[in-house]
Amino acid sequence: MLQRIQTVYLLLASLAIFALFIFPLAHNVYVNGVPINITATGTYIDTGGQQAIKDHFAALAAVTAIVGIVPLIVIFLYKNRKQQITLCYSTILVIIGYSFWLAQSAKTVTGGVTLAPANFGIGLFLCPFSILLLILAIKGIQRDEKLVKSADRLR
């Protein structure tokens, strides 16, 4: 059942996580008088219009890729809907933990500098957006499960 709406939701959830590689969590945060951009791959210093990497978050980048792949794997488990639902719930828990890790990494880099709303990047809203999409996918999977059970009763 690859043509169902939950496939779209799972694909968009995966793309939202992978978009963390592109969009910053926070931009133009001044630490020690130097503007930095914080992404899932590291922190970048703005030097004369060029972005130079200051810190590299290798483990965070690897986990970002793994968390982004999981919804894609769930798409192809369409024959086992209960396992799909379980993996979706597990992915939501992993994304919550991952979001906490992102926040702690950003807090460590900034040294506790409070971010103003003007410094928020698109990446800051991608994890909650992917959680919302996973919840919608779970609802779609549950509707399919209900439909299959009602069809089995009719036979």
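Listed values, structure above:
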quantity	calculated
Members of segment 55-82 that are free of Cβ contacts under 8 Å to residues at least 24 places away in the same chain and of a type in the set (D, E, K, R)	Lys79
Hits in segment 83-104 (condition: touching a residue at least 24 places away in the same chain (Cβ under 8 Å) and farther than 28 Å from Leu147 by Cβ)	Val94, Ile96, Tyr98, Ser99, Trp101, Leu102
Number of the exception - Lys107 against (1) within 18 Å of Asn28 (Cβ to Cβ); (2) among the charged types (D, E, K, R); (3) open to solvent by less than 90 Å² (accessible area, probe 1.4 Å)	(3)
Near pairs, Cβ below 8 angstrom, 6+ apart or cross-chain, from segment 122-146 (at pLDDT 90 or above) to any residue that is open to solvent by 90 Å² or more (accessible area, probe 1.4 Å) and aromatic (Phe, Trp, Tyr)	Ile138/Tyr89
Among the candidates Ala40, Ala137, residue that is part of a loop (DSSP other than H, G, I, E, B) and open to solvent by less than 20 Å² (accessible area, probe 1.4 Å)	Ala40
Which numbered condition Val113 fails, given (1) in contact (Cβ under 8 Å) with a residue 60 or more places away in the chain; (2) of a type in the set (A, V, I, L, M); (3) open to solvent by 80 Å² or more (accessible area, probe 1.4 Å)	(3)
Residues (over 18 Å from the mean Cα position of the chain (by Cα) and either of a type in the set (Phe, Trp, Tyr) or under 26 Å from Leu12 (Cα atoms) (or both)) located in segment 22-41	His27, Tyr30, Asn37
Flag for Gln50 being open to solvent by 40 Å² or more (accessible area, probe 1.4 Å), under 30 Å from Tyr9 (Cα atoms) and not hydroxyl-bearing (Ser, Thr, Tyr)	no
Number of positions in segment 42-68 that are more than 17 Å from the chain's Cα centre (by Cα) and over 16 Å from Ala103 (Cβ atoms)	12
Failed condition for Ser90, given (1) hydroxyl-bearing (Ser, Thr, Tyr); (2) open to solvent by 20 Å² or more (accessible area, probe 1.4 Å); (3) under 17 Å from Leu11 (Cβ atoms); (4) at pLDDT 95 or above	(3)
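Residues checked against (1) part of a loop (DSSP other than H, G, I, E, B); (2) open to solvent by less than 50 Å² (accessible area, probe 1.4 Å):
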residue: Gln6; (1), (2): no, yes
residue: Leu10; (1), (2): no, yes
residue: Phe23; (1), (2): yes, no
residue: Pro35; (1), (2): no, yes
residue: Tyr44; (1), (2): no, no
residue: Thr64; (1), (2): no, yes
residue: Lys79; (1), (2): yes, no
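The values are calculated or read from the model by the stated rules, or taken from the named source; none is laboratory data. Everything quoted here is computed from the prediction, not taken from an experiment. Counting neighbours? That spans all protein chains shown, and the Cβs are built from the backbone with ideal geometry, glycine included. Remember, those area values only see protein heavy atoms, side chains included, never the ligands or the DNA or RNA. Shrake-Rupley method; radii C 1.70, N 1.55, O 1.52, S 1.80 Å.
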